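Note sheet for the following structure.
The values are calculated or read from the model by the stated rules, or taken from the named source; none is laboratory data. No experiment lies behind these values; they were computed from the predicted model shown. Cβ sites come from the backbone with ideal geometry, for glycine too, and all protein chains shown count toward neighbours. Accessible surface is based on the protein model in full, side chains and every heavy atom, while ligands, DNA and RNA are left aside. Shrake-Rupley method; radii C 1.70, N 1.55, O 1.52, S 1.80 Å.
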Amino acid sequence: MSPSSDQHPGASEAFLGCGYCSEAFPGREQLEVHVKMIHPGSDFASVPAPLPSREQGLLHKTPASAISKNIPLSEVARHCTPEDCWVALNGKVYDLTEFMDRHPGGPTTVLAWAGKDASKFFNDIHKGVKIEQYLRPEAYLGDLGVDENLMSESFWHTLREARVAEVREELERLVSQTDGARRKANTIPRLLQDRTINEDLRAKLQRLETQKRVALDAEDYGKALEIKKAAEALLAEKQHEDLHEVQLQPRPAAGGIPLSEVAHHNKPHDCWVALNGVVYDLTDFLLHHPEQRNSILAWAGRDSSPMWNKIPGRFPSSTWMEYFMRP
């Protein structure tokens, strides 16, 4: 019997099977794509088909079992920018956004693998190295992958469409609450994306950001700090101060510097650390002691008091402070 080229009686109550192989799909559009991709040059052809075996398994699972706790590579691929950098390594997913600038080989290598699985590349260069010892605990996001038996492709598609609808609804709600008011950029990268700023200002900021990235790639943190100050001075000019909400200079509260302010200074060229109620600027120290970069930058922008004297002789400890610190 030759397959029919149109909808058959009762097709709305059954799956559409491919007339050239054993594949079956819930909708005509999906079957049309399948025929064009797998059977190029063939006319559309469908036959009545039962529920595919990959779908039947879902009928015997509880709703909770259809959700994977792992992170698929498709999700990792969405986080591929310097401000949002996820990398998969040996079956685990890490957020390396914070670690990028203190990577011994520079940020360029990390960014080259942003949103990808870098396991083979990493193991070839760092065989036997445990990356966890260089990262903050919160950098680990979860395990990579999804169990194929948990969810069919069509069900994944349904979930994605539902999630997109939820996000759109939430965005519309937020926009309606802001009543059309434009939010000012609070970082230089976001300010560069603002189409309303002056083109001359955009060009100057872009040049400074590029120079700073080159300096960071070369691990010249002294020059990167100078460039950062030049960008802040440019934004502090009177004609520019109303265009943004970028944090330029520390503004201590009456009772001291809040931890929220310390959190802004978490880079090799701008490194503050809180310790036992005191805030230290260790930027200059890092320039002269690069061998201690990782141990200090692990606490950049944070309160390191919980680790006080846990490892004698290393930061943060009383012996380290007596030997290295100056007022």
Subject >> Fully extended contour minus Cα-Cα distance, from Glu75 to Gln211, at 0.36 nm per residue >> reply: 45.8 nm
Original post:
Accessible area of Thr81, 1.4 Å probe, to the nearest 10 Å²?
Top reply: 60 Å²
Original post:
Going from most exposed to least, what order do Arg78, Arg102, Arg163, Arg293 have by accessible area with a 1.4 Å probe?
Top reply: Arg78, Arg163, Arg293, Arg102
**OP:** Enter the accessible area of Glu161 (Å², nearest 10), with the probe set to 1.4 Å and all protein chains included.
**Re:** 110 Å²
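From the protein chains alone at 1.4 Å, what is the descending order of accessible area for Phe15, Phe315, largest first?
Putting Phe15, Phe315 in descending order of accessible area: Phe15, Phe315.
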Subject >> By average C-beta atoms within 10 angstrom, highest first, the peptides 235-242, 300-307 >> reply: 300-307, 235-242
Subject >> Across Lys130/Lys228; Lys116/Lys223; Lys130/Lys310, pairs whose alpha-carbon gap is larger than 25 Å >> reply: Lys130/Lys228; Lys116/Lys223
Original post:
Pulled fully out, how much extra length does the chain show between Glu166 and Asn90, if you take 0.36 nm times their separation in residues and subtract their Cα-Cα distance?
Top reply: 24.1 nm
**OP:** Go ahead and run the numbers for FRET between Glu199 and Ser22, Cβ-Cβ distance against an R0 of 56 Å, rounding to 0.05.
**Re:** 0.40
Original post:
In nm, what is the difference between 0.36 nm times the number of residues separating Glu29 and Met321 and their Cα-Cα distance?
Top reply: 98.4 nm
Subject >> Total formal charge among the other residues, if their Cβ is under 12 angstrom from that of Ala274, Lys/Arg +1 and Asp/Glu -1 >> reply: -2
**OP:** Give me the distance in nm between label points sitting 7 Å out from Cα along the Cα-to-Cβ direction at Ile38 and Leu192, one decimal.
**Re:** 4.5 nm
Original post:
How far is the Cα center of the stretch 263-327 from the Cα center of the stretch 192-226, in Å?
Top reply: 27 Å
